[in-house]
2 protein chains.
Amino acid sequence: MTLHEVPPLSLRCGDCPIRHRAVCARCESDELQELEGIKYYRSFEAGQTIVWAEDQMDFVASVVSGIATLTQTLEDGRTQMVGLLLPSDFVGRPGLSSAPYNVTATTDVLMCCFRKTPFEEMMLRTPHIAQRLLQMTLDELDAAREWMLLLGRKTAREKIASLLSIVARRNASIRLEVAEERMVFDLPLTREAMADYLGLTLETVSRQISALKRDGVIELQGKRHVTVPDMHRLMSEAGDDSDGGILG
Amino acid sequence: MTLHEVPPLSLRCGDCPIRHRAVCARCESDELQELEGIKYYRSFEAGQTIVWAEDQMDFVASVVSGIATLTQTLEDGRTQMVGLLLPSDFVGRPGLSSAPYNVTATTDVLMCCFRKTPFEEMMLRTPHIAQRLLQMTLDELDAAREWMLLLGRKTAREKIASLLSIVARRNASIRLEVAEERMVFDLPLTREAMADYLGLTLETVSRQISALKRDGVIELQGKRHVTVPDMHRLMSEAGDDSDGGILG
DNA sequence: CGCCCATTTGATGGTGCTCAAAATTTGTGG
DNA sequence: CCACAAATTTTGAGCACCATCAAATGGGCG
């Protein structure tokens, strides 16, 4: 697995790796300059909690690098992941001061934070930000709904296959590659995190991964490095539709 | 159950029952006037499909009255409800021409439709609309995430109790009442729709409702009319937290 | 090497699904 | 108004899938 480089703690927006995908994606250079004035960077180590549920949150932020999770829990400890935050994803809710989610760094994470009040004021003046945020929120809502179908109706095997196929495709899109028959990638999640994502126990996750390996749907090098020899096969195991036309 | 009155097929925005909650909630009177120019009403009978998944959708719309559902299905027919649309809720995605959901009228439904292209253009010029839509979308995302916790981690009994408590509270808020110890309401969903909402089979829904009745958590008059003698009891059966401070 | 943690594997049981039939409600036409 | 049909809901019996509890294996790091 690649080590996580920590970028410099101050970064010009123009050089930002998430410049074209984050909440600032549509901003003009004068708008970026204004954002520079209210932004600051914070970094978190793997495993650290970024925000506790119900805590006052005086900033909103973009994930610059690393992976974080949004989780909700019941009183008796059962927990469900409700969001997976990747570089360029947005955290926090303008207009509200707290949220019922824990935000946790899964890997080392660098966040670009904006002080809440100035950001909210700027958003009212700057349609480019509000427009982009709306688009991103609608995308997240679509993703949440596909996730609901997975949680409510898929079998354990289908859930695992779905997760693998999501990670594989996302990996391709981040590297700006086209999805291919054969794909190789690293799982960014522990078995427990996968279980919380899928609404399963970690034992079931482990068993189903072993089963997919036995059946030749995937190959494993170590615990985290996955090879998918035939993406069509994996996607049909995922259940949603035999071929979403993802492959060329 | 109350019969469903069909409002007149043309309605001044100023007299609209959802005026203060829908996507137009923040509009000034001149903005409303512009909306009047691109809006038209359509009504649907209970059971009718409003939009088929993947179909071209040349409008966006607000639910004026009645209840509709958003559902996703797998090829083999398994279906999961991913949204419950109540009066003032918004349908359709600005910027995209189709969505992967079926939208179905559960009761008779009246929709206030806007032609897509004019609406999108107006949204770019009118921050009040974009701002309100963002707020509504963020609310929906929060609701979707609570729903994910329910689907992934709650037992069948907790799922039913959660649904009943959601419907009870929503009923109170629509009637502008405060939630009380004892509450009485109608279920707007069939057993099958409840099953699709909760990720269960209709048999399990029926059994768990019977069990809650046996245990005195609810009383039934007919199949749809529900009395909750003790909301605290119901909410603790729902599992999330013993008392969200909902009651006075 | 030995400890710690993540993961795998095993044995067993319970929750909720499947298949099936009965009961109840709703709608229809004579 | 009643008889009959259709649809919805309830109830029952049996089983599969996944959770639970428990122990073994493996990998990383001091």
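Determine whether segment B:113-136 contains at least one residue that is of a type in the set (S, T, N, Q) and within 16 Å of DNA strand C (Cβ to nearest atom). No, every residue in segment B:113-136 fails to be of a type in the set (S, T, N, Q) and within 16 Å of DNA strand C (Cβ to nearest atom). Assess whether B:Thr71 counts as being under 28 Å from A:Ala238 (Cβ atoms) and in contact (Cβ under 8 Å) with a residue 60 or more places away in the chain. Here the answer is yes, as B:Thr71 does meet what is asked. Exactly one residue out of A:Arg207, A:Arg182 is more than 20 Å from A:Ala105 (Cα to Cα), more than 8 Å from DNA strand C (Cβ to nearest atom) and either within 14 Å of another protein chain (Cβ to nearest Cβ) or of a type in the set (D, E, K, R) (or both): that is A:Arg182. Taking the conditions (1) farther than 28 Å from B:Arg145 by Cα; (2) at pLDDT below 90; (3) touching a helix residue (DSSP H, G or I) at 6+ places or on another chain (Cβ under 9 Å) in turn, B:Pro7 satisfies each one other than (3).
Is it fair to say A:Met123 is more than 30 Å from B:Lys154 (Cα to Cα) and more than 14 Å from chain B (Cβ to nearest Cβ)?
On the way: more than 30 Å from B:Lys154 (Cα to Cα): yes; more than 14 Å from chain B (Cβ to nearest Cβ): no.
Answer is no for this residue.
Does segment B:47-67 include one or more residues that are under 19 Å from B:Gly199 (Cβ atoms), within 14 Å of another protein chain (Cβ to nearest Cβ), surrounded by 19 or more Cβ atoms within 10 Å (Cβ to Cβ) and touching a residue at least 24 places away in the same chain (Cβ under 8 Å)? The answer is no; no qualifying residue exists. Beta carbons closer than 6 Å, at least 6 apart along the sequence or on distinct chains, pair a first residue in segment A:185-210 that is under 24 Å from A:Arg175 (Cα atoms) with a second that is within 12 Å of DNA strand D (Cβ to nearest atom) and at pLDDT 95 or above for A:Met194/A:Val205.
The lone criterion from (1) more than 14 Å from every other protein chain (Cβ to nearest Cβ); (2) on the phi < 0 side of the Ramachandran plot left unmet by B:Leu134 is number (1).
Filtering segment B:74-118 down to residues that are among the aliphatic types (A, V, I, L, M) and touching a residue at least 60 places away in the same chain (Cβ under 8 Å), which residue is farthest from the other protein chains (Cβ to nearest Cβ)? Walk me through it before giving the result.
Taking segment B:74-118 first, the residues among the aliphatic types (A, V, I, L, M) are B:74, B:81-82, B:84-86, B:91, B:96, B:99, B:103, B:105, B:109-111.
Narrowing further to those that are touching a residue at least 60 places away in the same chain (Cβ under 8 Å): B:81-82, B:84, B:86, B:105, B:109-111.
Working: B:Met81: 8, B:Val82: 4, B:Leu84: 12, B:Leu86: 16, B:Ala105: 19, B:Val109: 20, B:Leu110: 24, B:Met111: 19 Å.
Filtering first and then ranking leaves B:Leu110.
The values are calculated or read from the model by the stated rules, or taken from the named source; none is laboratory data. Being a predicted model, the structure only gives us computed values, none of them experimental. FYI the Cβ positions are ideal-geometry reconstructions off the backbone, even for glycines, and counts take in every protein chain you see.
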